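The values are calculated or read from the model by the stated rules, or taken from the named source; none is laboratory data. None of these values were measured; they are calculated from a predicted model. Note that each Cβ is placed from the backbone with ideal geometry, even for glycine, and that neighbours are counted across all protein chains shown. All accessible areas refer to the heavy atoms of the entire protein, side chains included, with ligands and DNA or RNA removed. Shrake-Rupley method; radii C 1.70, N 1.55, O 1.52, S 1.80 Å.
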There are 2 protein chains.
Amino acid sequence: MPSWVVSESVLPQPVIRRASVHDLPRVVDLIRGGAAPGTEPEDDPGPPLAQAYLDAFAAIDADPNTDLMVAECDGHVEGTFQFTCIPGIGHRGGRVAQVESVHVAAAWRGRGIGEAMMRWAMDEARSRGCFRLQLTSNKARADAHRFYRRLGFTASHEGFKILL
Amino acid sequence: MPSWVVSESVLPQPVIRRASVHDLPRVVDLIRGGAAPGTEPEDDPGPPLAQAYLDAFAAIDADPNTDLMVAECDGHVEGTFQFTCIPGIGHRGGRVAQVESVHVAAAWRGRGIGEAMMRWAMDEARSRGCFRLQLTSNKARADAHRFYRRLGFTASHEGFKILL
């Protein structure tokens, strides 16, 4: 195959890494861009970045069971998610891993970033001894549901939420 | 009303408290009794109680964001759940509270224990500054879904899980 034929396999593999505080405005920007359909984004990456975000980053940083992650492509952060490991009694003291707030930049969707992030989450969950990985996805996000099913997730549960 | 008329209002109010290690066999027993329909319970309260449960209790005890809770009625533990507070970046650094592993002894269902446990969780979530309380419930549990809806929860999300 001539070297100028660009195949899918040469799409840059995203680097999945823990976020630093310098990534925080971009993470907030990605979260804002991924607000659920029909909802008004309430997040604001600034500048200036609200102190509440810095406080939240510090709380995550101090929590050994939670990591804020980013996916970097060609040196730019194009995806984010949060990984949490929850200890439990059931399943013979089994730990559960959970991802929250999964977002990929609009221009980069469908290019493997989400899959790379969830593969990282599954590997990390296994390495921490978790027997299950779980997440919830808004019922309006049919594309996301196909994506999670393709990775092997089952929509076995209803996700109940209440605002306080 | 004569004093011998027993109304619903005199049902004993359960005491919701943090579990001690002495409650652990009963908690495992409740979890075993609440295994999802069609599944084989894998938990075993002993005696002897497997070391894995004691290790899990120690992990929960060491995690300031997670509490193992019990509901006590007339001096006996008849309900259990786990409460976790998860820091986050979205919603302007909003924290999310989550309950897992909600179980009530079969003989005590429909008598207000579940409601008392979830009211405690809502109050605790508010006092920790959480903007949302969330949980997932197996799609086979129609009774539980009615219960959560009655308390004000909305089944807005699909709950995806994958075993590792």
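Please enumerate the residues belonging to the range B:128-164 that are open to solvent by less than 30 Å² (accessible area, probe 1.4 Å) and aromatic (Phe, Trp, Tyr).
B:148, B:153, B:160
Residue by residue, here is whether (1) open to solvent by less than 10 Å² (accessible area, probe 1.4 Å); (2) in contact with a strand residue (DSSP E or B) (Cβ under 9 Å, 6 or more places away or on another chain); (3) within 26 Å of residue A:35 (Cα to Cα); (4) touching a residue at least 60 places away in the same chain (Cβ under 8 Å) holds:
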site	(1), (2), (3), (4)
B:44	no, no, no, no
B:63	no, yes, no, no
B:81	yes, yes, no, no
B:85	yes, yes, yes, no
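Among the residues of the range A:65-79, write down those that are closer than 30 Å to residue B:34 by Cβ and more than 8 Å from chain B (Cβ to nearest Cβ).
Narrowing the range A:65-79 to residues closer than 30 Å to residue B:34 by Cβ: A:65-66.
Residues satisfying the conditions do not exist here.
For the range B:5-98, give me every one of the helices (runs of 4 or more DSSP H) that falls completely inside it and has 1 or more residues that are at pLDDT 95 or above, of a type outside the set (Gly, Ala, Ser) and in contact with a Pro (Cβ under 9 Å, 6 or more places away or on another chain).
Details: elements: B:24-33, B:51-62, B:90-93.
In the range B:5-98, the matching helices (runs of 4 or more DSSP H) lie at B:24-33, B:51-62.
Could you tell me whether the range B:109-123 includes any residue that is under 30 Å from residue A:25 (Cβ atoms) and among the hydrophobic types (A, V, I, L, M, F, W, C)?
Narrowing the range B:109-123 to residues under 30 Å from residue A:25 (Cβ atoms): none.
No, the range B:109-123 contains no residue that is under 30 Å from residue A:25 (Cβ atoms) and among the hydrophobic types (A, V, I, L, M, F, W, C).
Can you name the residue in the range A:95-127 that is in contact with a strand residue (DSSP E or B) (Cβ under 7 Å, 6 or more places away or on another chain), among the charged types (D, E, K, R) and facing chain B (nearest Cβ under 10 Å) and, of all such residues, is least open to solvent (accessible area, probe 1.4 Å)?
Taking the range A:95-127 and keeping what is in contact with a strand residue (DSSP E or B) (Cβ under 7 Å, 6 or more places away or on another chain), we get A:95-105, A:108, A:113-114, A:116-117, A:120-122, A:124-125.
Subset that is among the charged types (D, E, K, R): A:95, A:100, A:124.
With the extra rule that they be facing chain B (nearest Cβ under 10 Å), the set shrinks to A:95, A:100.
Values: A:95: 82, A:100: 33 Å².
My answer is A:100.
I want to confirm something. Restricting to the range B:99-129 and keeping residues that are of a type in the set (A, V, I, L, M, F, W, C) and outside any helix (DSSP H, G or I), which single residue is nearest to residue B:153 (Cα to Cα)?
Looking only at the range B:99-129, we keep the residues that are of a type in the set (A, V, I, L, M, F, W, C), and these are B:99, B:102, B:104-108, B:113, B:116-118, B:120-122, B:125.
From what is left, the residues that are outside any helix (DSSP H, G or I) are B:99, B:102, B:104-105.
Numbers: B:99: 13, B:102: 15, B:104: 19, B:105: 23 Å.
Filtering first and then ranking leaves B:99.
Could you give me the residue pairs with C-beta distances under 8 Å whose first residue belongs to the range B:139-164 and is closer than 16 Å to residue A:137 by Cα and modelled with pLDDT of 95 or more, whose second residue is assigned to a helix (DSSP H, G or I) and open to solvent by less than 80 Å² (accessible area, probe 1.4 Å) wherever it lies, and which are 6+ apart or on separate chains?
Listed by first residue and then by second, the contacts come to B:155/B:145; B:155/B:148; B:158/A:145; B:160/A:145; B:160/A:148; B:162/A:122.
When residue A:90 is evaluated against the numbered criteria (1) without any contact (Cβ under 8 Å) to a residue 12 or more places away in the chain; (2) small (Gly, Ala, Ser); (3) open to solvent by 20 Å² or more (accessible area, probe 1.4 Å), which criterion, by number, is the only one it fails?
Status for residue A:90: all satisfied but (3).
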